[in-house]
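Enquirer: Dumping the structure here so I can ask a few things about it.
The values are calculated or read from the model by the stated rules, or taken from the named source; none is laboratory data. No experiment lies behind these values; they were computed from the predicted model shown. Heavy atoms of the whole protein, side chains included, go into the accessibility calculation; ligands, DNA and RNA do not. Shrake-Rupley method; radii C 1.70, N 1.55, O 1.52, S 1.80 Å.
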Amino acid sequence: MQSFYDRIQDIATYYNIKPSVILRCSHIPYSTYHSLSYRGACPSIETVQKIINCYPEVSFEWLAVGKGNMLIPKKSRAKIRKLLYHRVQSGGF
């Protein structure tokens, strides 16, 4: 089973970016990321949610515990983008 560290690496590879970009976008301290990777622990819900807020195509369950596919189905992505657009427009983000 993949570790949280491995899953962050997979996201970085998919988007062709460095893991540090994911951490900066998500406002996650490197120390938190390093600690999770070193201990092999599961991330907190808050940590996972911060990443999902930046990368909404990524499956919450996959990122949190490694189950399922990395990306949510394409049909669901359109709905999420629409929801996020309305949240940003209304100032609720």
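Enquirer: Tally the residues that are in a helix (DSSP H, G or I) and more than 17 Å from Val21 (Cα to Cα), restricting the search to the range 37-66.
Expert: Filtering the range 37-66 down to residues in a helix (DSSP H, G or I) leaves 37-39, 45-54, 60-65.
Now restrict to residues that are more than 17 Å from Val21 (Cα to Cα): 38-39, 45-46, 60-62, 64-65.
Adding up the residues that qualify gives 9.
Enquirer: Kindly provide the set of residues from the range 5-51 that are open to solvent by 80 Å² or more (accessible area, probe 1.4 Å) and among the β-branched types (Val, Ile, Thr), ordered by number.
Expert: Thr13, Ile45
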